[in-house]
């Protein structure tokens, strides 16, 4: 049986323990809540935000942001967020409606602000009816553009959390150095591919920025969005081009249906290369669990197919 003194001691100990936990809980709740629209962007935000930021992503690994349908839970997440990071360039056609319907007071930050966008599909003679108003949104496929994303993320986080300025600047500088090393590695691998073999067929036209920056030619039966099917005419033209230019490999992305590319490969004799990643990361344990892993995986897959 407990004495009064023992009971009071236990109560005092419990209160002391509870008191010691309060700062930890308060500290956890002080993290800056932000939202990123898709997995690649979420990874960039986490690298810059570090421990000070709680990042939620709407379109997760292997998800297709072109055709995403927001949920009521997404609206609730927005109301709790201080910043909503978007790619911009008309990539997320659903985000403005979601922001408006949620009533969030989160600051909307387009991370592509300040880069030079490339023209969309219809400007190149292929109109599939999903041209993102004349702009190709897949700017992160050029690592130089990813560096602009990082700078915009850093500045937005500092504006929302001035106390974290030093941390955000240090995180961004560290990550930018990693991107410099990644880009050097990528350029080195491209340089080793014979110039006359630097041609690739992909299922979805998401690599024009990669092509513009690094000198590999990409051809796709599907435009800059995955919303519409390629026409029979486009597919026939690509099959003719593969045969004419002796293109040796075709690649299917994680957000695309493989059946079309399998048909093209069967009719041309080109082999299907390793699955590549364009608009979404893989699961964390997959080959493209981060932006850096994704870019490294893709160039190694391209290099292996084109160099052999």
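Run through every distinct alpha carbon pair of the stretch 27-181 and return the Kirkwood hydrodynamic radius in angstroms, one decimal place.
16.1 Å
How many nm is it between the label spots at residue 116 and residue 71, if each spot is 7 Å from the Cα in line with the beta carbon?
Going by the 7 Å Cα→Cβ label model, 4.2 nm.
Could you rank the peptides 184-192, 81-89 by their average count of other C-beta atoms within 10 Å per residue, with the highest value first?
My ranking of the peptides, most packed first, is 81-89, 184-192.
By DSSP, what percent of the beta bridges with both residues in the stretch 27-181 are antiparallel, rounded to the nearest 5?
Antiparallel: roughly 15 percent of the beta bridges in the stretch 27-181.
Averaged across orientations, what area in nm² does the convex hull of the alpha carbons in the stretch 184-307 project?
Mean projected area for the stretch 184-307: 7.2 nm², to one decimal.
Mark the label point 7 Å from the Cα of residue 197 along Cα→Cβ and return the residues of the stretch 237-276 whose backbone N is within less than 11 Å of it.
248-249
What shape does the stretch 244-308 take by its C-alpha gyration tensor, where a ≥ b ≥ c are the square roots of the eigenvalues and a/c under 1.5 counts as rounded, a/b above b/c as prolate, and the rest as oblate?
Here the stretch 244-308 falls in the oblate category.
So if we plug the beta-carbon distance of residue 188 and residue 245 into 1/(1 + (r/R0)^6) with R0 = 22 Å, what FRET efficiency do we get, rounded to 0.05?
Computed FRET efficiency for residue 188 and residue 245: 0.30.
Just so you know, all these numbers are worked out from the coordinates, no wet-lab data involved. Predicted, not measured: the structure shown is a model, and the values here were computed from it. Don't worry about glycine lacking a Cβ; one is built from the backbone with ideal geometry, like all the others, and counts go over all protein chains shown.
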